[in-house]
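S.K.: This structure is in structure tokens; I'll ask about it shortly.
Bear in mind that the values in this text are calculations on the coordinates, not laboratory data. Since this is a predicted model, take the numbers as computed values, not measurements. Positions of Cβ are backbone-derived with ideal geometry, glycine not excepted, and every protein chain shown enters the neighbour counts.
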């Protein structure tokens, strides 16, 4: 799980300008990674017609399959200002 969380943090760091938060919720079969980004960075993470978000999910699924796990990535807009994310 920490490898997948670290990978998502590295991807998000390259895309965003403001701080972000990655939460991991581990279930019996699937790990859910929640990526919380500021409103200003939401468009950068989702991309045109969701292409960047889809690519992030594909990379994460491929990495999880390599580790023998299942992962689901959820991108959530933070309601707080960007300074309170860190």
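S.K.: What residue, among those in the stretch 20-29 that are touching a helix residue (DSSP H, G or I) at 6+ places or on another chain (Cβ under 9 Å) and free of Cβ contacts under 8 Å to residues at least 60 places away in the same chain, is nearest to residue 61 (Cα to Cα)?
M.R.: In the first step, residues of the stretch 20-29 are kept if they are touching a helix residue (DSSP H, G or I) at 6+ places or on another chain (Cβ under 9 Å); the result is 20, 22-24.
Of the ones still in play, those that are also free of Cβ contacts under 8 Å to residues at least 60 places away in the same chain are 22-24.
Values: 22: 16, 23: 17, 24: 15 Å.
Among residues in the stretch 20-29 that are touching a helix residue (DSSP H, G or I) at 6+ places or on another chain (Cβ under 9 Å) and free of Cβ contacts under 8 Å to residues at least 60 places away in the same chain, the one nearest to residue 61 (Cα to Cα) is 24.
S.K.: Specify the residue that is nearest to the chain's Cα centre (by Cα); the eligible residues are those in the stretch 15-44 that are more than 17 Å from residue 76 (Cα to Cα) and not in a strand (DSSP E or B).
M.R.: Step one: list which residues in the stretch 15-44 are more than 17 Å from residue 76 (Cα to Cα), which gives 26-30.
Checking which are not in a strand (DSSP E or B) leaves us with 27-29.
Working: 27: 17, 28: 20, 29: 19 Å.
Within the stretch 15-44, the match that is nearest to the chain's Cα centre (by Cα) is 27.
S.K.: On to the next question. Count, please, the residues in the stretch 30-40 that happen to be in contact with a helix residue (DSSP H, G or I) (Cβ under 8 Å, 6 or more places away or on another chain) and either within 25 Å of residue 67 (Cβ to Cβ) or touching a residue at least 60 places away in the same chain (Cβ under 8 Å) (or both).
M.R.: We begin by selecting, within the stretch 30-40, every residue in contact with a helix residue (DSSP H, G or I) (Cβ under 8 Å, 6 or more places away or on another chain); these are 31, 33, 35, 37-38, 40.
Checking which are either within 25 Å of residue 67 (Cβ to Cβ) or touching a residue at least 60 places away in the same chain (Cβ under 8 Å) (or both) leaves us with 31, 33, 35, 37.
Going through the stretch 30-40 one residue at a time, the tally reaches 4.
S.K.: Still on this model: Taking residue 64 as meeting all but one of (1) surrounded by fewer than 17 Cβ atoms within 10 Å (Cβ to Cβ); (2) assigned to a helix (DSSP H, G or I); (3) over 12 Å from the mean Cα position of the chain (by Cα), write down the number of the exception.
M.R.: Of the numbered conditions (1) surrounded by fewer than 17 Cβ atoms within 10 Å (Cβ to Cβ); (2) assigned to a helix (DSSP H, G or I); (3) over 12 Å from the mean Cα position of the chain (by Cα), the odd one out for residue 64 is (1).
S.K.: Can you name the residue in the stretch 41-61 that is in contact (Cβ under 8 Å) with a residue 24 or more places away in the chain and closer than 16 Å to residue 4 by Cα and is also surrounded by the fewest Cβ atoms within 10 Å (Cβ to Cβ) among such residues?
M.R.: Residues of the stretch 41-61 that are in contact (Cβ under 8 Å) with a residue 24 or more places away in the chain, as a first pass: 41-42, 44-46, 52, 56, 59-60.
Pick out the ones that are also closer than 16 Å to residue 4 by Cα and you get 56, 59-60.
Details: 56: 22, 59: 14, 60: 21.
That would be 59.
S.K.: Restricting the stretch 10-19 to residues that are closer than 15 Å to residue 53 by Cβ and in contact (Cβ under 8 Å) with a residue 12 or more places away in the chain, which is surrounded by the fewest Cβ atoms within 10 Å (Cβ to Cβ)?
M.R.: Here is the first cut: in the stretch 10-19, the ones closer than 15 Å to residue 53 by Cβ are 11-12, 14-16.
With in contact (Cβ under 8 Å) with a residue 12 or more places away in the chain added as a condition, the list becomes 11-12, 15-16.
Working: 11: 19, 12: 21, 15: 16, 16: 19.
Looking at the filtered set, the residue picked out is 15.
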